[in-house]
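The values are calculated or read from the model by the stated rules, or taken from the named source; none is laboratory data. The structure presented is a predicted model; accordingly, all values stated were derived computationally and were not measured. Using ideal geometry, Cβ is built from the backbone for each residue, glycine included, and neighbour counts are taken over all protein chains shown.
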Amino acid sequence: MAVGGASYNELFEIFWNWSIFVGVIVFGWQLHHSFFYRAKDGEVPNIDNLKVGEFPLHYHNGKLEAAWIIAPSILIIYLCILIIGPTSDVWEDPDAVGVEGVDYFEIGITGYQWYWEFDCRELSTDLCDVGVDSDTGLTTLILKNNTLYRIDLTSGDVTHSPYFVQWGAKEDAVPGLQTSIWLSIDLTGKFFIDCAEFCGDDHAYMTAILEVHE
Ligand SMILES: [Cu+2]
């Protein structure tokens, strides 16, 4: 179902590796050409016989040009296909009543300048609880591992965006609107919930803790 820590990390790794691969080729190519094609001392200027108003087609290589258009296109299409599934798993129609065959629990988050208000609805404290983190003094949302949550979002003032950093999941919380996001919890521990939409002076400190227990 929805994106979790494991699939997010896997996607991150794939994108990271391809970025390194492409980066090495592009920057290596540039570095090589920067030195290889540099004019040497005493070299006659205009060694390539470039003429004003004339495209230097005598160095044209059709196969090379086609390759550097087709290869990156294939890579981009491949990466887009990879992320389509997880993206549509994070965002679902907020008016949908449920997902067939999937058990999930609904909670609410409201953003305010500059804190989060967590609403556990009618859930038992085992499934959802709100407290204060003993180490940081931050508000803590306490959820249960291996559980799927649908979080309904809104805002009491300006647009905010709760960002579940570990899961790479975020969605705008907009005043007067109800949006929603799926969160499939698959790790225990303590994680940050940050605000990912600039919302004023203390935006950077609009942090809460997500604590996940077995
Ligand atoms: Cu905010």
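Key figures for this structure:
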| quantity | calculated |
| --- | --- |
| Pick from segment 148-178, criterion part of a strand (DSSP E or B) and away from the ligand (no atom under 15 Å from the Cβ), ranking: farthest from LYS190 (Cα to Cα) | ASP152 |
| Unmet criterion (only one of (1) surrounded by fewer than 16 Cβ atoms within 10 Å (Cβ to Cβ); (2) closer than 25 Å to TYR8 by Cα; (3) of a type outside the set (Lys, Arg)) for SER184 | (1) |
| Selection from segment 180-214 of residues that are modelled with pLDDT under 90 and of a type outside the set (D, E, K, R) | SER180, ILE181, TRP182, LEU183, SER184, ILE185, LEU187 |
| Selected residue [out of contact with any helix residue (DSSP H, G or I) (no Cβ under 9 Å at 6 or more places or on another chain) and modelled with pLDDT of 85 or more] from LEU79, LEU127, LEU57 | LEU127 |
| Among (1) part of a strand (DSSP E or B); (2) crowded, with 16+ Cβ neighbours inside 10 Å - the single one GLU197 does not satisfy | (1) |
| Hits in segment 141-160 - residues which are more than 14 Å from GLU106 (Cα to Cα) and surrounded by 22 or more Cβ atoms within 10 Å (Cβ to Cβ) | SER155, HIS160 |
| Members of segment 57-79 that are polar (S, T, N, Q) and over 36 Å from the mean Cα position of the chain (by Cα) | ASN61 |
